[in-house]
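Undergrad: Pasting a structure below so you can have a look.
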Amino acid sequence: MKQANVSTELLQTFVTVVESGGFIRAAQHLYKTQSTVSQQIRKLETELDTNLFATSGRRRLLTPAGEQFLGYAKRWLALQDEALFALAKNSLAAEIRLGVSHSLSEGVLPELLAQFSRAYPHVNLVVETGYGNELIQRYDSGDYDLILTLEREPLAGKVIGTAAMVWIGKAGSEWSGLHPLRLAGYQGACEFRQAATHALDQAGIPWQIVYSTNSLAALMAAVRAGLAVTVRADCAVSAGLAILAPPPSVPELPTISVVLRNRTLSEASEWLAEALQKTGLQAA
C-alpha cells in the first residue's frame, strides 16, 4: 500500500473548502485562485487514492470517505497547532536575566518571581542583586534582559514607583547630638548611604560609618538596637524603629525612584515586566 504524503497546506485547503461552503469561497478565504484550490483538492485525493467530493448537479458534496477524513484532517491541523504552540512557548526565552538593586530584593519580589516560574516553567530565570550604577552598566553591556534599580534622577527606563527617604533610628530615640554621628548603611555605592553622607556634609555634621552590610534585616537590627541611625525609604520603618527629625541645618533628603528597564519583547519578559509594574515595588 502506497504511503500518502499529505501536506498541511492540502489539509487546510480541504477543511476550508468544506467549512466555507465551496471552492469559490475557499479561494477567497485562502487568497488563492479557484483553479489552485481545485488542483490542491485533486492532489490530496490522489495522495489518499480516494474521492473526497462527488458532483451533484452544480454542487460538490463530500463523499462518505470525505466526511470521515474531515474529522481526521481537523484533528491533524489542531494537533499541529498545539505542537507549534508548545514549542513556541518553550522557546520564548531560554533564559531571562534580571538584575535587582539590593534594597528591592526583599518584600514581595521573591513571591512574584515564584509566580513567574510557575507560569513559565521552561524559562530559566536568573536573578542577581547589586547596586544601581553597576546594574545599569551591565545592562547597557547586555548582561541583563531586565533590571530594577533605585535612582534619584533617572535618565532612562520607566519609573514604576517612588518613595521618600527618611532618617531612621531606634524607636523612642531622638536625633543624636554626638559627633561624629554614627551611621549604618549598605556597603558600596548605595543611593541611601550617599544621600545620608551628602546631607550631613552639607550641614557640616561629622559622621562615621560604624555598621556596613548588604542585608536589610541585619541593617535594621543594628538600628533597632540603637547602634546607629540610617537612611532608608519611609516604608522600611517597622516595629522597634522610628523616623527621626534631623536639625534644621540638615538638607531635606531626596525622593528615590524604582526604575524598570526591559530590553526584550518575548511573552515571558513582558509578563514579568507587567507584573513588576502592577506589584508596586517599594524600596526598603
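Undergrad: Give me a comma-separated list of calculated 3J(HN,Hα) values for the stretch 44-55, in order, Karplus coefficients 6.51, -1.76, 1.60 applied at θ = phi - 60°, integers in Hz, x for any Gly or Pro.
TA: Result, ordered by residue: 5, 4, 5, 4, 7, 6, 7, 8, 8, 10, 10, 8 Hz.
Undergrad: Where is the GNM fluctuation largest for the chain (alpha-carbon springs, 10 angstrom cutoff): 164, 78, 218?
TA: 78
Undergrad: Now for a separate question. Please give the helix 109-119 orientation as an angle from the longest Cα principal axis of the chain, in degrees from 0 to 90, rounded to the nearest 10.
TA: 10 degrees
Undergrad: If you don't mind, there's one more thing I want to ask. Could you give the dipole magnitude of the stretch 141-284 about its Cα centre, charging the beta-carbon of Lys and Arg +1 and that of Asp and Glu -1, in debye to the nearest 20?
TA: Dipole of the stretch 141-284, to the nearest 20 debye: 380 debye.
Undergrad: The chain: longest stretch without exposed trypsin sites (Lys or Arg not before Pro) (DSSP loop, at most 13 other Cβ within 10 Å), sites themselves excluded?
TA: 59-262
Undergrad: Amide H to amide H, which residues 5 or more places from residue 130 or on other chains are under 5 Å from it, using H placed in the peptide plane?
TA: Residues meeting the amide H criterion: 100, 101, 102.
Undergrad: Longest span of the chain, sites excluded, free of GluC sites (Glu not before Pro) in DSSP loop with at most 12 other C-beta atoms within 10 Å? Each step should come with its number before you reach the end.
TA: Values: sites that count: 174, 252.
So the longest stretch without any such site is 1-173.
Undergrad: Also: With a cut-off of 8 Å between alpha carbons and a minimum separation of six or more residues, what is the relative contact order of the chain in percent?
TA: Reported relative contact order: 20 percent.
Undergrad: Ok, one more. How large, in percent, is the carbon and sulfur part of the accessible surface of the chain at a probe radius of 1.4 Å? Let's see the in-between values first.
TA: Values: 7790 of 15450 Å².
Of all accessible area on the chain, carbon and sulfur atoms account for 50 percent.
Undergrad: Just one of (1) 33, 23, 19; (2) 69, 16, 15; (3) 38, 20, 17 is semi-axes √(5λ) of the Cα gyration tensor in Å calculated from these coordinates, so which is it?
TA: So the calculated entry is the one marked (2).
Undergrad: Calculated from DSSP H runs of 4 or more alone, at -39500 (n - 2.57) each and per residue, what is the 222 nm mean residue ellipticity of the chain, nearest 500?
TA: One gets -13000 deg cm²/dmol as the mean residue ellipticity at 222 nm.
The values are calculated or read from the model by the stated rules, or taken from the named source; none is laboratory data. No experiment lies behind these values; they were computed from the predicted model shown. Please note: Cβ atoms are built from the backbone with ideal geometry, for glycine as well, and neighbour counts cover all protein chains shown. These accessible areas exclude ligands, DNA and RNA; they are computed on the full protein's heavy atoms, side chains included. Shrake-Rupley method; radii C 1.70, N 1.55, O 1.52, S 1.80 Å.
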